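Beneath this line is the structure, given in structure tokens, with notes to follow.
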2 protein chains.
Amino acid sequence: MKAIVTVGLKPGVLDVQGKAVASALNELGYPSVEGARVGKVIEIQMDGDLDPDTAKAQVTEMCEKLLANTVIESYRVDIAG
Amino acid sequence: MKAIVTVGLKPGVLDVQGKAVASALNELGYPSVEGARVGKVIEIQMDGDLDPDTAKAQVTEMCEKLLANTVIESYRVDIAG
């Protein structure tokens, strides 16, 4: 079973990496780019015997403890087959 | 219009960050974690007048030029409304 965790800065938190990406793209000749935000995606391979609900609860706990800095970041957990 | 770019290391490329995450999770008391891989997600805000096909083509070009290191990384482009 696979869990996909997407972690990104909360809206309102300055994303310097995203700003750098957006201005680099503008300078490369893409004026249609209005902004960019950069986040992380963590693909976790889990024991196949776990049921999806338990897996989701465990991964949410992992996000709170380790994977996301909940002061400035938000996260989303998706369980894939 | 929003484009979501997901960039990850190609299969077979050693992902030290992923290995560190997986062993940290095991040590935190999650033995069900068998492995992890870490990638980036870049959300690009684009000019709303662009049609989705043109946007996708442009973003694919941006990946080749700037957003991904195609020697070791693969990417996926999704266009959201």
* Structure fact -> Interface buried area B-A, accessible surface with 1.4 Å probe, both sides summed, nearest 100 Å², comes to 2500 Å²
* Of all accessible surface on chain B at a 1.4 Å probe, what whole percent is carbon and sulfur? -> 53 percent
* To do: Take every Cα pair under 8 Å in chain B that's 6+ residues apart, average their separations, divide by the length, and report that relative contact order as a whole percent.
  => 53 percent
* Asked: Okay, helix-only estimate at 222 nm for chain A: each DSSP H run of n ≥ 4 adds -39500 (n - 2.57), divide by all residues, round to 500 deg cm²/dmol; what do you get?
  -> -8500 deg cm²/dmol
* Kirkwood estimate for chain B, i.e. one over the average of 1/r between Cα atoms, Å -> 14.3 Å
* Structure fact -> Inter-copy distances for A:Pro52, label 7 Å out on the Cα-Cβ vector, sorted ascending, nm, one decimal, are 2.4
* Structure fact -> Rounded to one decimal in nm, the spacing of the 7 Å Cα→Cβ label points at B:Leu66 and B:Asp51 is 2.5 nm
* Rounded to whole Hz and in sequence order, give me ³J(HN,Hα) for region B:71-81 from the Karplus expression 6.51 cos²θ - 1.76 cosθ + 1.60, θ = phi - 60°, writing x for Gly and Pro. => 5, 10, 10, 10, 9, 9, 10, 10, 9, 10, x
* Asked: From the backbone phi of region B:26-42, what are the Karplus-calculated ³J(HN,Hα) couplings (6.51 cos²θ - 1.76 cosθ + 1.60, θ = phi - 60°) in whole Hz, Gly and Pro given as x?
  -> 4, 5, 6, x, 10, x, 6, 7, 9, x, 8, 10, 10, x, 10, 10, 10
* Closest to the A-onto-B rotation axis, which residue of chain A has its Cβ, and how many Å off the axis is it? -> A:Val41, 2
* Considering only the label points, 7 Å along Cα→Cβ from Cα, what distances in nm to one decimal separate B:Ala20 from the same position in each other copy, shortest first? -> 1.7
* All lysines inside 21 Å of B:Lys65 as judged from Cα atoms, apart from same-chain residues fewer than 8 positions distant -> A:Lys19, A:Lys40, B:Lys2, B:Lys10, B:Lys40, B:Lys56
* Please calculate how many Å² of accessible area the protein assembly as shown carries per residue, with a 1.4 Å probe and no DNA, RNA or ligand atoms counted. => 54 Å²
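If one computes P(r) from the Cα atoms of region A:22-64, what percent of pairs lie at distances over 11 Å?
Roughly 74 percent, rounded to a whole number.
The values are calculated or read from the model by the stated rules, or taken from the named source; none is laboratory data. What you see is a predicted model, and the numbers here were worked out from it, not measured in a lab. Every residue, glycine as well, gets a Cβ built from its backbone with ideal geometry; the counts of neighbours run over all protein chains shown. In case anyone asks, the SASA skips ligands and DNA or RNA and just uses the protein heavy atoms, side chains included. Shrake-Rupley method; radii C 1.70, N 1.55, O 1.52, S 1.80 Å.
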